[in-house]
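Asks: Before I ask anything, let me first share the structure, which is written out below as structure tokens.
Every number here is computed from the coordinates shown, using simple stated rules; none is lab data. If you're wondering where the values come from, they're calculated on a predicted model, not measured in any experiment. Cβ placement follows ideal geometry from the backbone for every residue including glycine, while neighbour counts extend to all protein chains displayed.
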Amino acid sequence: MSSEFDFSFGSVPFDTPNEECGVVGLYTPEGDASRLAFFGLFALQHRGQESAGIAAADGENVVVHADMGLVTQIFREPDFYPLVGDMAIGHTRYSTSGSSELCNAQPLLVDSQHGQLAVANNGNIINALQLKDQIQDEWNTTFTSTTDTEVIAQLLAHATGATWEDRVFQCMRQLEGAYSIVIQTKDTMIAARDPLGIRPLCLGTLNGGWIVASESCALDHLGAEYVRELEPGEVIVVDGNGLHTAIWSGGTGRSALCVFELIYFARPDSIMAGQLVHSARQELGAQLAREHPVDADLVIGIPDSSTAAAVGYAQESGIPFSEGLVKNRYVGRTFIEPEQRLRDLGVRQKFNTLVEVIQGKRLVVVDDSIVRGTTTPHVVNLLRKGGAKEVHMRVCAPPIKHPCFMGVDMASREELLAANNTLEQIREKVGADTLGYLSVEGLLKVVGGSKGGFCDACFTGNYPVPIQLELSKFALEQGSTSAD
């Protein structure tokens, strides 16, 4: 289900793949890089709401400020006083590896043979536990966090290459999984994308300087000019000599961008895989209408991330589009456990129906995905109580049957509704009159075009790299493969 937050109310958790993280890195000859990083993170807040931080460098020192909460809660005017310099990196986090605790807030700062290093990452290193053991055995390193980003930082700290490109390439040979990394030293800003390009990262120019960010919307908010997306396996280094770029020679030449970026994660005004996300979502809805037509009076979307797809469905089918649900955008995390009689109010805290719009209508309800199936029945029931005559669910993603190990906290296989139920069983569970999912072929036809190169493992089980099926996001907390 569409959700900007991993919100739960009593026994009704909102059914969404949770966002990964957002990163930004920039150099501006005008200084004040940390303030620009703040606004870049603000534009990427949808990618993670647990913690955030900024590391700034002035040519002599690297200073980090990070804390739990939203970007606007963490940074106040006095917090920027120590964050001086013309280079900065930033991070906003949803925990895909390690708990939501202050020790895991990024950027992480470590000392190295190359000086201070601040590192932030969007992704998930699937061999982090083995690498942590290796680092502890070889260098007797003490880890202060339980996130795989510290594993990356320690690998960089001990890398022996002559240049930063060489050092990052040395790490790439050891890292398995998905990552978009930004690194800050006292006088250099580095960015790198994994060899399959699973996690997004783009480049722009700003006031004679440079900016990298998870999404192009961050560039737009800063008035930067979008240049391009980083290539899989590409490393960008910005220092006093300007910008240098190199691509790791050990790559396979293929790409596997997470297709859920286009379905759900990315902001609609971002450019990803060479296309505007809003346009891609609208076409997903149109393809859904071609694959699963139905006689109905009205098309509505689950706000907000399904709206574009619902409009596409309506345009293709000729059925009018209207808002039917209103979203409370200020609903966030809650730890309130209401008494039993109030538990069903959970969805009402998130959505309310426009009764005069939907009453007596046969509705096509477009959603971006169904993960656990915990919320959809409550939404369907809410619409029926609002007077809907029929509810036809249409989902602009294929059935999710496999967990993600590449930086998206989705669910275990046992929790995935489509992994354990037939289409008819799912329809009965959610309470819809009919149910239709977009096909994998239809999805890739829309988003791939002539480009191709997407990870669709959550639908097909075809992971772009070998994975351990029981891998846990808390693996680094639960111990290591060798004795500590």
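Asks: Counting pairwise Cα distances across region 223-296, what percent come out greater than 14 angstrom? Walk me through the numbers before you get to the answer.
Replies: Numbers: 1975 of 2701 pairs.
More than 14 Å apart: 73 percent of the Cα pairs in region 223-296.
Asks: Right, something else. Per residue, how much space in cubic angstrom lies within the convex hull of the C-alpha atoms of the chain?
Replies: On the way: hull volume 69.1 nm³, N = 484.
Given the Cα convex hull of the chain, per-residue volume reads 143 Å³.
Asks: For the charge dipole of region 66-165, defined by +1 on Lys and Arg C-beta atoms and -1 on Asp and Glu C-beta atoms about the Cα centroid, which residue among 88, 110, 155 has the Cα displaced farthest towards the positive pole?
Replies: Of the candidates, 88 comes out farthest on the positive side.
Asks: Listed highest first by mean packing, meaning other Cβ atoms within 10 Å per residue, what order do 117-124, 414-421, 42-49 come in?
Replies: Working: 117-124: 28.9, 414-421: 16.5, 42-49: 23.4.
Packing order, densest peptide first, comes out as 117-124, 42-49, 414-421.
Asks: Based on the mean of other Cβ atoms within 10 Å per residue, sort peptides 375-382, 303-310, 148-155 so the most packed one is first.
Replies: Details: 375-382: 21.6, 303-310: 24.2, 148-155: 26.5.
So the order, starting with the most tightly packed, is 148-155, 303-310, 375-382.
Asks: Only sites in a loop by DSSP and with at most 11 other Cβ atoms within 10 Å count here; which GluC sites (Glu not before Pro) in region 36-106 make the cut?
Replies: Values: sites: 50, 60, 101; in loops: 50, 60, 101.
When the GluC sites (Glu not before Pro) of region 36-106 are filtered for loop state and at most 11 Cβ neighbours within 10 Å, 60 remain.
Asks: Pop out the ³J(HN,Hα) list for region 46-61 in order, Karplus 6.51 cos²θ - 1.76 cosθ + 1.60 with θ = phi - 60°, rounded to Hz; leave Gly and Pro as x.
Replies: 4, 7, x, 10, 8, 7, 7, x, 9, 10, 10, 9, 10, x, 10, 9
Asks: Hey, what's the per residue convex hull volume over the C-alpha atoms of region 17-256, in cubic angstrom? Show your work: numbers first, answer last.
Replies: Details: hull volume 26.8 nm³, N = 240.
Dividing the Cα hull volume of region 17-256 by its residues yields 112 Å³.
Asks: How big is the C-alpha Rg of region 89-155 next to the rule-of-thumb value 2.2 N^0.38 Å, as a ratio? Don't skip to the end; give the middle numbers.
Replies: Numbers: Rg = 11.4 Å, N = 67, 2.2 N^0.38 = 10.9 Å.
Rg over 2.2 N^0.38 Å, computed on Cα atoms: 1.05.
Asks: Would you work out which of 255, 404, 24 lies farthest towards the positive end of the dipole of the chain? Charges go on Cβ: Lys and Arg +1, Asp and Glu -1.
Replies: 404
Asks: In Å, the Kirkwood hydrodynamic radius of region 276-460 over pairs of distinct alpha carbons? Write down the numbers at each step before the final one.
Replies: Working: mean 1/r = 0.0587 Å⁻¹.
Kirkwood hydrodynamic radius for region 276-460: 17.0 Å.
Asks: Can you tell me the dipole magnitude for the chain around its Cα centre, using point charges on the Cβ only (Lys, Arg +1; Asp, Glu -1), in Debye to the nearest 20? Walk me through the numbers before you get to the answer.
Replies: On the way: 36 positive and 60 negative charges, 297 e Å.
In total the dipole reaches around 1420 debye.
Asks: Can you tell me, using C-alpha contacts under 8 Å and at least 6 residues apart, the relative contact order of the chain as a whole percent?
Replies: On the way: 1215 pairs, mean separation 82.7, N = 484.
Relative contact order, the chain: 17 percent.
Asks: Another question, if that's okay. Based on alpha-carbon positions alone, could you give the equivalent ellipsoid semi-axes of region 56-176 from the gyration tensor, as √(5λ), descending, whole Å?
Replies: Details: eigenvalues 122, 69, 27 Å².
Values for region 56-176, descending: 25, 19, 12 Å.
Asks: Which order, highest average first, do 294-301, 32-39 follow once you tally other Cβ atoms within 10 Å for each residue and take the mean per peptide? Mind showing how you got there, number by number?
Replies: Numbers: 294-301: 21.6, 32-39: 23.8.
Output ranking for 294-301, 32-39: 32-39, 294-301.
Asks: Something else about it: Would you work out the relative contact order for region 138-227, in percent, from Cα pairs under 8 angstrom that are 6 or more residues apart?
Replies: Details: 97 pairs, mean separation 14.1, N = 90.
Here the relative contact order equals 16 percent.
Asks: If you average the sequence gap of Cα pairs under 8 Å that are 6 or more apart and divide by the length of region 17-256, what percent do you get for the contact order?
Replies: Numbers: 632 pairs, mean separation 51.5, N = 240.
Normalised by residue count, the contact order of region 17-256 is 21 percent.
Asks: For residue 105, what charge total do you get from the other residues with a beta carbon under 11 Å from its beta carbon, if Lys and Arg give +1 and Asp and Glu give -1? Write down the numbers at each step before the final one.
Replies: Values: positive: 93; negative: 50, 67, 101.
Residues close to residue 105 contribute a combined charge of -2.
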